[in-house]
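Notes follow once the structure below has been shown.
The values are calculated or read from the model by the stated rules, or taken from the named source; none is laboratory data. Nothing here was measured: the structure is a model prediction, and the numbers come from that model. Here the Cβ positions follow ideal geometry from the backbone for every residue, glycine too, while neighbour counts run over all protein chains shown. We work out accessible area using only protein heavy atoms, side chains counted, and drop any ligands, DNA or RNA first. Shrake-Rupley method; radii C 1.70, N 1.55, O 1.52, S 1.80 Å.
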Amino acid sequence: MTFLLPIGLLALLTIPLILLLHLLRERRRRVAVPSLMHWLNVPRRHEGQRIRRLPLTLLLLLHLLAAALLGLALGRPQILGRFAGAARQVAVVIDTSTSMAARQGASTRFALAQERARAALRALGSQDRATLVAAGPSARIVASGGAADLARLLAAVDQLRPGGTGTDIDGALTLAEAALDPDRRRAIVVITDGSLPEQSAAAPRTLSAELDWQQVGDEAPNRAIVAFAARPWGGNLQVYARAANYAQAPAETTIRLYGDDQLLGTRAVALAAGGETELTWTLPKGYDRLRAELDGGDALAEDDDAFLSVGQARPISALLVSEQPDTLRRALAAVPGVRVTVVDPAGYQPPGSSADLTIFEGFLPPEWPAGAALAINPPPGSPLVEVGQQAQRLGEGELTQTGDLLAGLSFAGVSFGPIYPVAPPAWAEPRLADGGTPLILRGRDGAHEVAIWAFDPAAGNLPTRLAFPLLVARTVRDLTPPPLPASLPAGAPLTLRPDPRAAELRLVDPRGVEATLASAQAITLDTLTQPGFYRVEERRDGAAVFRGLVAVNAGAALESNLRVRSAVPAVAGEQSAAADTPRELTDLWPWLALGALAVLMLEWGYIHR
């Protein structure tokens, strides 16, 4: 027991004071006698005989008990631990990485983990609370609630699916600790197979709650395709795959290659114990999807297939509005995947066509087109950009470059000729400037991606420099949505930049489950955890526009190697379930004060009985 205010214990000095008062108190009784002469026969007490016995009465005991309780309460006593039945809060962390999908007898590691999570939730008391944390490539809180929310918590456990490369155990423990109430008994239950990143095992930490580390899964042999890629090779496509054997015995298997669901070839492969092998194929171009299939027959089926999207990137349609388009048309034609259409300014119809990129040279319409726009040498008097009325020549000052758009480009010796100065709008930032005069601006005006070149390329020597075609190509790629990646590891985040004309983004996973997202300047997806092809579509003006396929692969050394790890990694420090747990103290003074009040009420009732 400890005391927060030890000086308050001085109140216990009232106990001897009460005893003294009871000793000194005269106790006389009224007695009716017929004559005072009877008192002559009463024995007289000699001087010095004032010592009395302590009168042990109920009133004295009540006084002493009330003083003791109040004196102890003023000292603010605390005891280690909590009273039996105190409310608890439990954080249940479930590993949702790909390795948890490995078979374990007639079940899987993840199914066993779900059963343990359900058992921990069903053990909640009526005043207890729980938080469910999923620890995949990134940790997230899935659900929280008390015993009354048990059905919802159990449903959240049922909805979890294993998938993703890596287990963010550090982030999961941080989320779990942050969700715990310091006024409750705290515990963190971690259910995992131990397939953790090396950095997690190398960073000891101390937890502020009791840790219950539960490991599921036994060691199992497994084979996997851990790499799958392709690259152009002349007029063909060169495909590469790497298979690994995570077993202590050699294995022989077969790998099949499919192109657009058509079998292209079969290879017999011998894998040494703990070894790898590499394979290559040379294919003609023209396939959209490639898939490699390994005859695994092992504990983890998710890494027996690898997927790759190799379809040609969606072409970019560019509309060039110019009276003298030759210079820009040649530069645009050199950009891969760009299809250019030229129109005279007099023939331009606002708000423009359905082009992905509209380039205005020496001309600006009353409003931006639906797609991205590049304004070159905008004329004075435009309602979209404020342009000076008089042309001016630039000085010999040093050019200032900012941002990734112009990184590595050299404009040394470039003459831009006379320009009509452009006042930077609030939505744009200069990327190239000569002193205080902006030459290239980039920004987003509402839903419109816009770049402005405040100079006429034909008035200077820029078209004769190598920087010109590079600047054109970079500007086109910066204004239009980038192509989708050919493949991603399971669980890796995918950042999409939808077309400015898109109202919605539609994602279809390998199982055919659809998800619709509202369009934004950038959308980051972290739900691509299942291996296979994800279809990405954009909805424009009520019509679906195919954006492309993203291949997701589960094969990785961290997940495919199903060896047994240590029971508790260094991420939990050297802390056991009870060691180094912060001491939980319970205040006793409220109970002592209530007890003193009860004694005083009992005394009052005794006196006035």
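Numbers at a glance
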quantity	calculated
Folded to 0 to 90 degrees: helix 109-122 orientation relative to the chain principal axis, Cα	40
Shape category assigned to segment 472-519 from the gyration tensor of Cα positions, a/c cut at 1.5	oblate
Quotient of Cα Rg and 2.2 N^0.38 Å for segment 270-389, N being how many residues it contains	1.82
Selection of trypsin sites (Lys or Arg not before Pro), segment 182-264, meeting DSSP coil and at most 16 other Cβ within 10 Å	Arg205
All-pairs alpha carbon distance profile, segment 512-561, 10 Å steps from 0, percent	19, 47, 24, 9, 2
Accessible surface ranking that places the most exposed of Trp604, Trp427 first, with a 1.4 angstrom probe	Trp604, Trp427
Tail weight of P(r) past 12 Å, computed on alpha-carbon pairs of segment 276-322, percent	77
Three-way shape label, segment 468-570, alpha-carbon gyration tensor, a/c 1.5	prolate
In Å, descending, principal axis extents of the Cα set of segment 357-404	37, 31, 15
Surface accessible to a 1.4 Å probe, Phe110 within the full protein complex, Å²	10
Average accessible surface area per residue within segment 386-528, 1.4 Å rolling probe, Å²	48
Cα-based Rg of the chain normalised by 2.2 N^0.38 Å, two decimals	1.60
Long-range HN-HN contacts of Ala91 with modeled amide H, under 5 Å	Thr131, Ala187, Ile188, Val189
Whole-Å semi-axes of segment 334-473's equivalent ellipsoid (Cα gyration tensor)	23, 18, 15
³J(HN,Hα) computed for each position of segment 177-186 - Karplus, 6.51 cos²θ - 1.76 cosθ + 1.60, integer Hz, glycine/proline x	5, 5, 7, 7, 8, x, 8, 10, 5, 10
For segment 141-221, fraction of C-alpha pairs farther apart than 22 Å, in %	33
Amide proton proximity set for Val310, modelled H, under 5 Å, gap of 5+	Arg289, Leu290
Amide H within-cut-off set for Ile376, under 5 Å, with H built and near neighbours excluded	Phe360, Glu361, Gly362, Phe363, Trp453
Protein-only accessible surface order, largest first, of Leu279, Leu150, Leu24 at 1.4 Å	Leu24, Leu150, Leu279
